[in-house]
Amino acid sequence: MPLSTLPELTVAPMEGLTTVVYRRLHAQFFGAADRYYLPFVTPTREPKFTDRQMRELAPQANEGICAIPQLLTRNADDFIWAAKALADLGYKEVNLNLGCPAGTVTAKGKGSGFLQYPTELHAFLSRIFEADLPIAVSLKTRVGYRSPDEFENLVDIYARFPMTRLIVHPRLKTDLYRGDVRLEVLDKVLSSLPMPLGYNGDLITPGDIEKVSLRYSGAPGGLAEIMVGRALMADPALFRKSKGGNAASLSEILSFHEALFEAYTTLFESQKNAMMRMKEYWFFQLCLFGEDGDEARLQKAASKIFRCKQIPDFEAAVREAAEGFPLRRDARYGWRKPL
Ligand SMILES: Cc1cc2nc3c(=O)[nH]c(=O)nc-3n(C[C@H](O)[C@H](O)[C@H](O)COP(=O)(O)O)c2cc1C
């Protein structure tokens, strides 16, 4: 696919992973993605971001990259104050989370839980789009709560509002992250989507990105972006490769690891807490190692990394894994969960 026709390649919001630390170092080591979505922020009743939220939202935390904050709420007043506060911080766009499938979130009717209540969702969107906000609004949605038949009605609602883009993760809330993405559900409504479209879900390689870009290039509002989450944790050079650049080298992966570990140690003021965070990255990172047939040995290497309690053991286990398996050009889809 000619580079000029490739949509924006953007980093999915991932709580605990695509943090301020990750965004800065990913851009530094592998070149900045076209956008980084910030993990969701839940606006509180008191119209003020907490110090902890400001760690991610402060403009200086996102200097030099395109950062899009995301809000998780079903309360229009809370969305409105938070969106205005984000505009005051200099943000040009805010994203609404209609995708989170976690039970604690959906039980409160938020995230993909909101998709169960189309009448309330319509009223919410009417309020926020009538508020004449000084900031553009985009949505990130699943294709329904429990049935793929819900998406047509949801699209009918979305199409009434001037959102800057609609990013679709074609799974239901009840799918969680299991099974395959439901591309056929998105295909069916494609011609009814007037706004710029974003696609998100289960893309692992530059070939996957290209294939899905071609599939949705005919969206009436255009294909604005391809958003990737977990595969980028496995392969931080994925977007660089898509744009014609090099695959990650072993020294890049190890230097990136060391820089993340050091920065989290500083942020948490605890090497142990930083190690716990690094284990979350290594769950994905190991998918860039090993050949077909290495699965059992890789599983052992992973268990060794996850079991470590002491920093030197952890560092040694990471090095042993990284040096004991060949680095792949593209990641394996090692986190796939069957239905
Ligand atoms: C650990 C984790 C945290 C996530 N946090 C968020 C979040 O804060 N906001 C959001 O919209 N999606 C969140 N997601 C979903 C991702 O943004 C993305 O939609 C999902 O991983 C599917 O894309 P992928 O197959 O490219 O990973 C999270 C997913 C994971 C695995």
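The values are calculated or read from the model by the stated rules, or taken from the named source; none is laboratory data. Nothing here was measured: the structure is a model prediction, and the numbers come from that model. Backbone-built Cβ (ideal geometry, glycine too); neighbour counts: all protein chains shown. With ligands, DNA and RNA removed, areas are computed over all heavy atoms of the protein, side chains included. Shrake-Rupley method; radii C 1.70, N 1.55, O 1.52, S 1.80 Å.
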For this session: Quick one: count up the residues across the range 20-32 that are open to solvent by 10 Å² or more (accessible area, probe 1.4 Å) and either part of a loop (DSSP other than H, G, I, E, B) or within 13 Å of the ligand (Cβ to nearest atom) (or both).
Result: 2
Problem set entry | Residues satisfying the stated conditions in the range 170-183, i.e. β-branched (Val, Ile, Thr) and open to solvent by 40 Å² or more (accessible area, probe 1.4 Å) | Thr174
Exercise. Do we find a residue being away from the ligand (no atom under 16 Å from the Cβ) and assigned to a helix (DSSP H, G or I) anywhere in the range 280-290?
Worked result: no
For this session: Give the range 221-241 a look and list any residue that's closer than 13 Å to Phe30 by Cβ and either assigned to a strand (DSSP E or B) or of a type in the set (Asp, Glu) (or both), or say none.
Result: Val228, Asp235
Seminar exercise, completed: Checked the range 139-169 for anything within 11 Å of the ligand (Cβ to nearest atom), open to solvent by less than 10 Å² (accessible area, probe 1.4 Å) and touching a Pro at 6+ places or on another chain (Cβ under 9 Å); matches are Arg142
For this session: Considering only residues that are part of a strand (DSSP E or B) and free of Cβ contacts under 8 Å to residues at least 60 places away in the same chain, look in the range 58-79 and name the one that is nearest to Glu130 (Cα to Cα).
Result: Leu71
Exercise. Residue check: is Met54 open to solvent by 20 Å² or more (accessible area, probe 1.4 Å), aliphatic (A, V, I, L, M) and within 11 Å of the ligand (Cβ to nearest atom)?
Worked result: no
